[in-house]
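First comes the structure, then the notes that go with it.
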Amino acid sequence: MRRTEDPSLITGHGRYVGDITPEGTVHGFVVHSAMAHARISVSGLEEARSAPGVSLVLMAADVSDLGLMPTKAVLPQVDGTQHAVLPREILCSDTVRHVGEAIAFVVADSVEAAKLAAELIEIDDDPLDAIVDTQGALAPDAPLVWPICAPIRRSNSAAATRRRRTMPLPGQLMSPPSISSTTGLSRTTWIRAAASRNMTATAGAIR
């Protein structure tokens, strides 16, 4: 599809939302967590709310009447079950669970005023254990981001162990199994895996 907006953008005549400032415009700034996992306590709110140009500072308690953010994408897991729909707050109330989670929202006459007010908000962190790689997260004793998911993890871990015991690698397949085979692969899956292996070997020979 041919793009029609490029000429104005590349010649410096593009118009952006940041260029539009109607009378009475205010600006918002989000205070994010710098920690991956921690219990938090917040202070300095009165100072931030009384800072020049600030019209509003919102915390979790101020937006509690809005409820939780809905989870629109609920997808099946590998075993066919539905994944847990977790309570996602608009603004974090007591425990942050990822770097960048929103803690406070500052509204002011300008972005600069909002940022200056945000710097007056002090966040005391009580760090909790965090895992930053996939392999570590799969460990049986890995700390949970959501403790309420502990029973789900135990169930999935047991199912994954059973699959690992029965699923051979494509390179180990010597002959196509029957439909009733207990190897874990159907005949169609075996054929696809074997074809993929053969194509990889052929490509290596050509190179």
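The values are calculated or read from the model by the stated rules, or taken from the named source; none is laboratory data. Note that the structure is predicted; figures quoted are calculated from it, not measured. Glycine gets a Cβ as well: all are built from the backbone with ideal geometry, and neighbour counts include every protein chain shown. Remember, those area values only see protein heavy atoms, side chains included, never the ligands or the DNA or RNA. Shrake-Rupley method; radii C 1.70, N 1.55, O 1.52, S 1.80 Å.
Per residue and in cubic angstrom, what volume does the convex hull of the Cα atoms of segment 73-115 have?
On the way: hull volume 5.2 nm³, N = 43.
Normalising the Cα hull of segment 73-115 by residue number yields 121 Å³.
Suppose all protein chains stay in the model; what accessible area per residue would a 1.4 Å probe give for segment 17-79, in Å²?
Numbers: 4270 Å² over 63 residues.
For segment 17-79, the solvent-accessible area averages 68 Å² per residue.
Residues of segment 100-125 with the amide nitrogen closer than 12 Å to a label point 7 Å from the Cα of Ala60, along Cα-to-Cβ, please.
From segment 100-125, the list is 102-104.
Three principal axis extents, largest first, for the C-alpha atoms of segment 29-95, in Å?
Sorted from largest, the Cα extents of segment 29-95 read 54, 24, 17 Å.
Could you give the radius of gyration (one decimal) and Dmax (whole number) of the Cα atoms in segment 23-149, in Å?
Computed over the Cα atoms of segment 23-149, radius of gyration and Dmax are 17.5, 57 Å.
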